[in-house]
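The values are calculated or read from the model by the stated rules, or taken from the named source; none is laboratory data. Note that the structure is a prediction, hence the values are computed from the model and not measured. Quick reminder, even Gly has a Cβ in these numbers, built from the backbone with ideal geometry, and neighbours come from all protein chains shown.
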Amino acid sequence: MLANYLNEHKERFLNELFELLRIPSISADSAYKNEVVKAAEFIKEKLVKAGADAVEICPTAGHPIVYGEKIIDPSLPTVLVYGHYDVQPAVPLELWDTPPFEPQVRKTAIHPDGAIFARGACDDKGQVYMHVKAFEMMMAENTLPCNVKFMIEGEEEVGSTHLGSFCIANKEKLKADVVLISDTSIMANDTPSIDCGLRGLSYVEVEVTGPNRDLHSGVYGGAVANPINILAKMIASMHDENNHITIPGFYEKVQELSTKERELLNMAPFDLEAYQKDLGIDAVWGENGFNVLERTGIRPTLDCNGIWGGYIGEGAKTVLPSKAFAKISMRLVPNQTSDEITALFKNHFESIAPAGVKVEVRPHHGGEPVVTPIDSKAYKAAEKAMEKTFGKMPIPTRGGGSIPIVALFERELGLKSVLMGFGLDSDALHSPNEHYGLFNYYKGIETIPYFFTYFAEAE
Ligand code: BES
Ligand code: MN
Ligand code: MN
């Protein structure tokens with residue numbers, strides 16, 4: 001019985017995850033390159049131990065990809081499990097209650113049974129490791145009902161830079177019937193849900209240059225354009241009084257949902273008061289005419305992610321800076337594309353720059369939005385598996401985040417994905433004090449084998 005196996009090995013399953021969480025595999029920071037490799041080696045070793053074949057660390061021009069498989073019968077269906085072992089940077093460290101790479105279990109209001117606090121606990125090491133342990137269980141109990149392939153990458157948090165070409169170069173090796181991903185959220189621990197859509201992403205960095213050097217703000221202030229003042233105004237102008245984005249053409253390709261689809265989206269129970277309380281805000285903000293679920297699920301957005309320039313040291317320095325910078329993200333929905341939106345942004349941003357400054361827009365990585373089917377065998381298997389272990393039918397939802405590679409799986413490998421995630425949006429992904437509920441970790445390990453069973457039965 002898998003339930004017995006899980007119970008007997010609960011502690012070890014947690015200790016192993018702790019080991020993985022202790023490796024600071026920060027993909028964005030080259031100082032951690034070796035740590036990223038260590039995390040890949042850890043995953044490789046555990047896959048081998050669990051009984052996977054052909055396990056290898058595939059080098060790329062960036063961070064490596066861990067591949068492994070168990071083909072029990074080529075005539076049976078194959079599930080390709082995708083996830084990432086890299087994590088976001090942990091800064092600012094002083095905002096963590098306990099160090100980000102020293103995992104610790106603590107109780108919270110939302111996780112009364114305890115949650116694992118560490119960078120990557122939820123996004124995505126905890127969720128990836130559920131798959132490794134679910135696989136171990138199925139192998140140990142001889143209940144793996146179909147074939148499985150694992151592709152766990154180390155560059156998701158930096159835009160999956162090299163995974164696309166890896167997929168294109170390894171189409172045969174990656175042949176499967178569906179991609180199974182646990183890197184998203186459920187609505188609440190008593191409200192299972194499955195994301196059936198993810199937003200895309202356009203990300204740009206902008207630079208505004210005024211005078212050719214920093215100036216005395218008394219001698220020159222008022223007579224020379226201040227890049228910070230200008231940049232702040234330019235960014236502020238990108239939302240109108242209804243909080244619509246003002247870039248011409250920005251909404252042109254946005255797919256409007258039918259009344260029925262919108263109703264379905266709003267069937268998800270959403271507690272506005274709890275949402276505000278969790279975030280310490282007294283009101284939500286956003287595009288007029290849409291509620292929170294719609295604003296994060298089916299509407300595109302524009303947010304400044306960082307802004308800097310001038311003097312930010314101790315005390316006062318009266319300076320009119322030469323330059324100001326900002327990083328800006330735009331979340332996209334079907335049928336917007338990242339190239340088109342980035343181009344629209346660039347044109348608009350350049351066009352609103354007043355005389356006296358120069359602006360430069362530098363595009364970063366992007367990703368396309370996706371909608372995954374809810375009538376497929378794989379989605380239904382996930383639905384049934386969650387219903388089995390949560391005792392409730394999961395609700396189809398839309399995730400606000402992005403996993404850019406999902407669109408590529410569809411385009412290049414012809415594979416649809418099922419986003420069977422187990423985190424909570426409130427688990428502080430990318431924030432200080434990221435955590436993952438023990439309930440969620442074990443629930444995932446318990447649910448995944450049911451997915452395999454129901455999927456294999458249906459095929
Ligand atoms: N796992 C997240 C995406 C996510 C989180 C989707 C919660 C749905 C719900 C993923 O690791 C992530 O953070 N993606 C980045 C995109 C990437 C290009 C840096 C994102 O959404 O910002
Ligand atoms: Mn993730
Ligand atoms: Mn992430």
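Listing for the model above:
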{"item": "Those residues of the stretch 390-416 which are in a loop (DSSP other than H, G, I, E, B), aliphatic (A, V, I, L, M) and either free of Cβ contacts under 8 Å to residues at least 60 places away in the same chain or closer than 14 Å to Thr184 by Cα (or both), in sequence order", "result": "Ile403"}
{"item": "Options Arg199, Arg213: the member that is of a type in the set (Lys, Arg) and under 19 Å from the mean Cα position of the chain (by Cα)", "result": "Arg199"}
{"item": "The stretch 416-459: number of residues that are within 15 Å of ligand 3 (Cβ to nearest atom) and over 26 Å from Arg106 (Cβ atoms)", "result": "1"}
{"item": "Subset of the stretch 284-337 [assigned to a loop (DSSP other than H, G, I, E, B) and aliphatic (A, V, I, L, M)]", "result": "Val284, Ile298, Ile312, Ala316, Val333"}
{"item": "Lys171 vs. criteria away from ligand 2 (no atom under 16 Å from the Cβ), closer than 21 Å to Ala52 by Cα and buried (at least 23 other Cβ atoms within 10 Å of the Cβ)", "result": "no"}
{"item": "Single condition Ile116 does not satisfy, out of (1) farther than 30 Å from Asp278 by Cβ; (2) touching a His at 6+ places or on another chain (Cβ under 9 Å); (3) in a strand (DSSP E or B); (4) more than 16 Å from ligand 1 (Cβ to nearest atom)", "result": "(1)"}
{"item": "Residue in the stretch 55-71 that is away from ligand 2 (no atom under 16 Å from the Cβ) and farther than 24 Å from Phe166 by Cα present", "result": "no"}
{"item": "Members of the stretch 159-168 found to be within 21 Å of Asp29 (Cβ to Cβ) and buried (at least 19 other Cβ atoms within 10 Å of the Cβ), listed by number", "result": "Gly159, Ser160, His162, Leu163"}
{"item": "Residue match in the stretch 72-92 (condition: within 14 Å of ligand 3 (Cβ to nearest atom) and surrounded by fewer than 19 Cβ atoms within 10 Å (Cβ to Cβ))", "result": "yes"}
{"item": "Any hit, the stretch 354-377, residues being more than 19 Å from Asp183 (Cβ to Cβ), part of a helix (DSSP H, G or I) and of a type outside the set (D, E, K, R)", "result": "no"}
{"item": "Top-ranked residue in the stretch 430-445 [being of a type outside the set (Ser, Thr, Tyr), surrounded by 20 or more Cβ atoms within 10 Å (Cβ to Cβ) and under 18 Å from Ser193 (Cα atoms); ranked as farthest from ligand 2 (Cβ to nearest atom)]", "result": "Ile445"}
{"item": "Total residues in the stretch 358-388, condition touching a Pro at 6+ places or on another chain (Cβ under 6 Å), modelled with pLDDT under 95 and either among the small types (Gly, Ala, Ser) or surrounded by 21 or more Cβ atoms within 10 Å (Cβ to Cβ) (or both)", "result": "1"}
{"item": "Selected residue (criterion: nearest to ligand 1 (Cβ to nearest atom)) from residues of the stretch 389-403 that are crowded, with 22+ Cβ neighbours inside 10 Å and within 17 Å of His365 (Cα to Cα)", "result": "Ser402"}
{"item": "Residue in the stretch 228-260 that is farthest from Arg331 (Cα to Cα), counting only those that are surrounded by 11 or more Cβ atoms within 10 Å (Cβ to Cβ) and of a type in the set (Lys, Arg)", "result": "Lys233"}
